[in-house]
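**Student:** Here you go, one structure.
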Amino acid sequence: MVKLNKIYTRTGDDGSTGLVDGSRQAKHAARIEAIGAVDEANSAIGLAAIALANTDHAQSLFRIQNDMFDLGADLATPLGEVGGKDFEPSPMVLRVVPAQAEWIEQAIDSLNERLEPLTSFVLPGGSEAAALVHVARASVRSAERRVTALAAAEPVNPAALAYVNRLSDYLFVLARIANDDGAADVKWVPGANR
């Protein structure tokens, strides 16, 4: 259970931040960059949820926001720390599990059934709601780049990598849904302004 009585602690004044295992890392370290990018993406997803507040999709985005906190907790717990080995969830360690990415895959398949296949790339826009979902998608892609950079240097839960990869796909499909099931997508016209 999380309990926050005090928001500022002064412990980060030296440019470091704490991880779940009690260790500290520089705020610019790859792990902290990844956690921060996940937080930024989660904030962008919150804006998308507000834009889709009067739809069934808002609840899916709220679920995803909760999973993004799980992802942040997973990244904040280095491999082999705080009990448990590898990336198995335990009472002491919160890890992203494959079922979370599988839920996203099922959601993508369900939404995609409503869409015509693409014949061109689409520009990130159309409706305001779709544009905000595209901002969230781009933020998730940025977070994925940070998480994969961390994974190149240190072990990262494979389920966490799969989750963040699937999430950007989901948001792309959701943006098309927000564009009147793709009818209001703005198509890319290569070289149109030469």
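**Student:** Only one of (1) within 20 Å of the chain's Cα centre (by Cα); (2) at pLDDT below 90; (3) open to solvent by 60 Å² or more (accessible area, probe 1.4 Å) is not met by GLU81, so which one is it?
**Tutor:** For GLU81, the exception is condition (1).
**Student:** Do we find a residue being in contact with a helix residue (DSSP H, G or I) (Cβ under 6 Å, 6 or more places away or on another chain) and in a loop (DSSP other than H, G, I, E, B) anywhere in region 146-166?
**Tutor:** For region 146-166, residues in contact with a helix residue (DSSP H, G or I) (Cβ under 6 Å, 6 or more places away or on another chain) and in a loop (DSSP other than H, G, I, E, B): present.
**Student:** Pairs, please: C-beta under 8 Å, at least 6 apart or cross-chain, first residue within 20 Å of ALA76 (Cα to Cα) and open to solvent by 40 Å² or more (accessible area, probe 1.4 Å) and in region 89-106, second hydrophobic (A, V, I, L, M, F, W, C) and modelled with pLDDT of 85 or more?
**Tutor:** PRO89/VAL97; LEU94/ALA73; VAL97/ALA159; PRO98/ALA159; PRO98/ALA162
**Student:** Can you give me the number of residues within region 144-194 that are β-branched (Val, Ile, Thr), more than 21 Å from LEU47 (Cα to Cα) and either buried (at least 19 other Cβ atoms within 10 Å of the Cβ) or at pLDDT 95 or above (or both)?
**Tutor:** Summing the residues that are β-branched (Val, Ile, Thr), more than 21 Å from LEU47 (Cα to Cα) and either buried (at least 19 other Cβ atoms within 10 Å of the Cβ) or at pLDDT 95 or above (or both) in region 144-194 gives 3.
**Student:** Residues being without any contact (Cβ under 8 Å) to a residue 24 or more places away in the chain and touching a Gly at 6+ places or on another chain (Cβ under 6 Å): count how many of those fall in region 27-64.
**Tutor:** 1
**Student:** Among residues belonging to region 25-50 that are under 17 Å from ALA73 (Cβ atoms) and charged (D, E, K, R), point out the one that is modelled with the lowest pLDDT.
**Tutor:** By that ranking, first place goes to ARG31.
The values are calculated or read from the model by the stated rules, or taken from the named source; none is laboratory data. Computed from a prediction, not measured in an experiment: that's the story for all the values here. In this analysis, Cβ positions are derived from the backbone assuming ideal geometry, glycine residues included, and neighbour counts consider all displayed protein chains. When the accessible area is computed, the model is the full protein with side chains, heavy atoms only, and any ligands, DNA or RNA have been set aside. Shrake-Rupley method; radii C 1.70, N 1.55, O 1.52, S 1.80 Å.
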